[in-house]
Amino acid sequence: QSLDINEAENLKGLNLTTNQLTDLSLSSNTQLETLVISNNSLKQIELSQNPELKYLYASTNAFTNLDVSQNQKLVDLRVDRNPSLSCINIEEGQEILTVRISEYQEIRSDCGE
């Protein structure tokens, strides 16, 4: 349900697909480039300390909000099948090359306003 990777400061890739994760802290993993966390039970994740993140695969979770506005290097975002996630927050002008979202989701720079 949880994993402590705080000591893995140079971690670049993490694949935690199909678990029962409800909590995941990545604040000390500042070199993280690839994060695969699909098929878990995560309601939130803080990614502001992961500026190198390029690939985020987080489909089929329980997210209620998601902010990738600090992840300017993000090129692939897959967050479909998160029924409680309707808006993904990005920075004004931020371009993500590949995006996979569900029809009830949108990507905006003003989520919650």
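Out of region 68-110, which residues are more than 21 Å from S27 (Cα to Cα) and aliphatic (A, V, I, L, M)?
The answer is L85, I96, L97, V99, I101, I107.
Write out, first by first residue and then by second, each pair whose Cβ atoms fall under 8 Å of each other, whose residues are 6+ apart or on separate chains, and whose first residue, in region 91-113, is touching a residue at least 12 places away in the same chain (Cβ under 8 Å) and charged (D, E, K, R) while the second is in a loop (DSSP other than H, G, I, E, B) and open to solvent by less than 60 Å² (accessible area, probe 1.4 Å).
E91/S69; E91/S109; E92/S109; R100/S59; R100/V79; R100/D80; R108/I90
For region 1-90, please list each of the strands (runs of 3 or more DSSP E) lying entirely inside it that holds at least 2 residues being under 17 Å from I101 (Cα atoms) and open to solvent by 40 Å² or more (accessible area, probe 1.4 Å).
Numbers: elements: 13-15, 34-36, 55-57, 76-78, 87-89.
It comes to 55-57.
Tell me which residues, restricted to region 71-96, are of a type in the set (A, V, I, L, M, F, W, C) and more than 15 Å from the chain's Cα centre (by Cα). Let's see the steps before the verdict.
Our first condition is that a residue be of a type in the set (A, V, I, L, M, F, W, C); within region 71-96, this holds for 74-75, 77, 79, 85, 87-88, 90, 96.
Residues satisfying the conditions do not exist here.
The values are calculated or read from the model by the stated rules, or taken from the named source; none is laboratory data. Predicted model only: the values in this text are computed from it and were never measured. So basically every Cβ, Gly included, is an ideal-geometry build from the backbone, and we count neighbours across all protein chains shown. Just the protein is used for accessible areas: all its heavy atoms, side chains included, with ligands, DNA and RNA removed. Shrake-Rupley method; radii C 1.70, N 1.55, O 1.52, S 1.80 Å.
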